[in-house]
Amino acid sequence: MADPFILTAALPTDLGAWAEGLRRAHYPVEKNRLHAHVTLFHSFAPSLLDELQDFLPRIAAEFAAPEGVVSGVMDLGKGTAIALKAPQLLSLRAAVAEHFHGSLTAQDLYEPRPHITIQNKVTKEEARSLQASLGPVLAPWIAKGRFTFPALDLWQYRGGPWDKVKACSFRGHARF
């Protein structure tokens, strides 16, 4: 699909900056075109733009910022991610999936495992080495406990870095 839209959950400033530092240190430089993020949907058709721009602000206005916690390291095969537990975020994602039922790609039909990719497209050995060293690095974030995702971000993929289309800050009171 040409120029699809991607939906991510924005990270709080402190967690985002920390994860971004890990990406800069461990993601192959020539392939690191994005900032740290949590992908919720990989590919909405360009024909859905108007509906996305209408629906996402409404859901963000209705619901409070979903909570999450850093839960450990995730093995991506040829990469490494920070694993997150975020049941409220997954419930919110389910509501978006229900709204766009029939329009989702095969990849987006399945509930994701929330994570922040900090390394990808390396050898399995490089990934395992980083994973083995991350325990002490993650410990303060695991101990810190809950954080909140401040917004939903809509992006358009154009073959390289993503172009931000819209940020929808959570400001409601309802919880999933």
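The values are calculated or read from the model by the stated rules, or taken from the named source; none is laboratory data. Bear in mind that the values here come from a model prediction, so they are computed numbers and not experimental data. When we count neighbours, we look across all protein chains shown, and the Cβ atoms used for this are built from the backbone with ideal geometry, even at glycine.
Inclusion of SER47 among residues that are among the polar types (S, T, N, Q) and in contact (Cβ under 8 Å) with a residue 60 or more places away in the chain is not warranted. On the stretch given as region 13-31, residues that are exposed (fewer than 15 other Cβ atoms within 10 Å of the Cβ) and of a type outside the set (D, E, K, R) total 6.
Looking at region 11-27, is at least one residue of a type in the set (Ser, Thr, Tyr) and part of a helix (DSSP H, G or I)? For region 11-27, residues of a type in the set (Ser, Thr, Tyr) and part of a helix (DSSP H, G or I): present. Scoring ALA2 on the criteria (1) outside any helix (DSSP H, G or I); (2) within 28 Å of ALA127 (Cβ to Cβ); (3) at pLDDT below 95 leaves a single failure, condition (2).
Looking at region 93-120 only, could you name the residues that are surrounded by 13 or more Cβ atoms within 10 Å (Cβ to Cβ), aliphatic (A, V, I, L, M), more than 13 Å from the chain's Cα centre (by Cα) and not in a loop (DSSP other than H, G, I, E, B)? Hits for region 93-120 are ALA95, VAL96, ALA97. Restricting attention to region 10-65, the residues being under 20 Å from CYS168 (Cβ atoms) and basic (Lys, Arg) number 1.
Here HIS42 does not qualify as surrounded by 14 or more Cβ atoms within 10 Å (Cβ to Cβ), more than 16 Å from the chain's Cα centre (by Cα), in contact (Cβ under 8 Å) with a residue 60 or more places away in the chain and within 27 Å of THR123 (Cβ to Cβ).
Residues in region 121-135 that are at pLDDT 95 or above, out of contact with any helix residue (DSSP H, G or I) (no Cβ under 8 Å at 6 or more places or on another chain) and part of a helix (DSSP H, G or I): LYS124, GLU125, GLU126, ALA127, ARG128, SER129, GLN131, ALA132, SER133. Is it the case, given these coordinates, that ALA61 is assigned to a helix (DSSP H, G or I) and either crowded, with 17+ Cβ neighbours inside 10 Å or within 12 Å of the chain's Cα centre (by Cα) (or both)? Taking the combined requirement at face value, the residue does not satisfy it.
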